[in-house]
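Novice: For reference, the structure I am asking about is given below.
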Amino acid sequence: MSITWTPIQKQRLQELNASEVLQEMCFESHQERDRAYQEQEHLLVIRGKQKLRELLETNRRPSLSVLEQQLVEALTQEGFVQVVTPTIISKTALAKMSVSDDHPLFSQVFWLDSKRCLRPMLAPNLYTLWRDLLRLWEKPIRIFEIGTCYRKESKGSLHLNEFTMLNLTELGLPLDQRHQRLKELADLVMNTVGIDDYQLESESSVVYGDTLDVVKGIELGSSAMGPHVLDDQWGIFDPWVGIGFGLERLLMIKEGSQNVQSMGRSLTYLNGVRLNI
């Protein structure tokens, strides 16, 4: 008979960011399993304390903040302008993204009242800026935002209710250069993060239709391009490309973590380390 971790043991190992291989170990007896658990938990606690010590004495900034700074520097050096827009958006703006009452994403939105919500995506505000910047700047217009988004996501190792998005967009490029430009932008972000061997895969989005996703084991980013059916709602008629990345997922893959909760904003984790150690 093959004996696996108890549910409580496995939960604890996941909290401590044990590797997938370790979480799937099997044993010949309960005694062997329990000895192994004590040894592995001890080693994982030592590793966590060492990482917290490095944060205190050397790094002094969590990895999420460091990654955001690295991305800002890389993108501004490539001619992109950073923008900062409101976290609270209107129901009207969300409807212009096709997210109306009967849309699958509607029930995942955190509503503040009947007319306002916490943004589940960055795109509505970027569309709004595009419309005004087209009058003020020459094309192509390259802007990006890094900010918090909110969705009532299902619980699991890959989802967060509060997560950090990077959206980078380029408006007004030649129509025949869109696919190549998306590949260049994906490469720019992934090289900055330090993740290689990723794939670009075609997928279908509930908002954008057919998209090109950035994947390494899990979806790390999703791209779209226009002209798109949503564009008329915003008065946008030029070709464009855009890619959105979840920063916590990028960190999860970069650091070999098994738990996206440990990468995000938390009172339970600090810089990827469970604090009840």
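Novice: For VAL72, put the label point 7 Å out on the Cα→Cβ axis and report which residues of the stretch 148-190 keep their amide N under 16 Å from it.
Specialist: 148, 164-168
Novice: Given the Cα-Cα distance of SER98 and LYS139 and 0.36 nm per residue of separation, how much length would full extension add, in nm?
Specialist: Contour length minus the Cα-Cα distance gives 12.1 nm.
Novice: Oh, and also: Alpha carbons only, please: Rg and Dmax for the stretch 1-134, in angstrom.
Specialist: Looking at the stretch 1-134, its Cα Rg and Dmax stand at 23.5, 69 Å.
Novice: For the stretch 80-215, what value does the Rg/Rh ratio take when both radii are computed over Cα atoms and Rh is the Kirkwood radius, given to two decimals?
Specialist: 0.96
Novice: What lysines sit close enough to LYS216 to cross-link, taking a C-alpha to C-alpha distance under 30 Å and skipping anything fewer than 8 places away on the same chain?
Specialist: Output for LYS216: LYS10, LYS49, LYS51, LYS152, LYS155, LYS183, LYS254.
Novice: While we're on this one: Between ASP231 and LYS183, what's the calculated FRET efficiency when r is the beta-carbon distance and R0 is 22 Å? Round to 0.05. Let's see the in-between values first.
Specialist: Details: r = 22 Å, r/R0 = 1.00.
So, using R0 = 22 Å, E works out to roughly 0.50.
Novice: On to the next question. Let me check I've understood the local charge: for ASN271, count other residues with C-beta under 14 angstrom from its C-beta, Lys and Arg +1, Asp and Glu -1. What total comes out? Provide the component values of the computation, followed by the final result.
Specialist: Values: positive: ARG47, LYS49, LYS51, ARG53, ARG60, ARG61, LYS254, ARG265, ARG274; negative: GLU54, GLU57, GLU68, GLU248, GLU255.
After counting each charged neighbour, the total is +4.
Novice: Modelling each spin label as a point 7 Å along the Cα-to-Cβ direction, I'd like the LEU267/GLU162 distance in nm, to one decimal.
Specialist: 1.0
Novice: In addition: For the stretch 153-202, how big is the tail of P(r) above 14 Å, as a whole percent of Cα pairs?
Specialist: On the way: 814 of 1225 pairs.
Distances greater than 14 Å cover 66 percent of the Cα pairs.
Novice: Here is a further query. Where both partners of a DSSP beta bridge lie in the chain, what percent of those bridges are antiparallel, to the nearest 5?
Specialist: 95
Novice: Would you indicate which of (1) 137; (2) 161; (3) 153 is the value of volume of the Cα convex hull per residue in Å³ derived from the coordinates of this structure?
Specialist: (3)
Novice: Using each residue's phi in the stretch 138-149, evaluate 6.51 cos²θ - 1.76 cosθ + 1.60 at θ = phi - 60° and report the 3J(HN,Hα) Karplus result to the nearest Hz, with x for Gly and Pro.
Specialist: 7, 7, x, 9, 10, 10, 8, 9, 10, x, 7, 10
Novice: Hey, how many Å between the Cα centroid of the stretch 140-203 and the Cα centroid of the stretch 221-251?
Specialist: Result: 9 Å between the Cα centres.
Read the figures in this text as sums done on the coordinates, not as results from a lab. Treat the numbers as computed from the prediction; the structure is a model and nothing was measured. Neighbour counts are summed over all protein chains in view; Cβ atoms, including those assigned to glycine, are modelled from backbone coordinates with ideal geometry.
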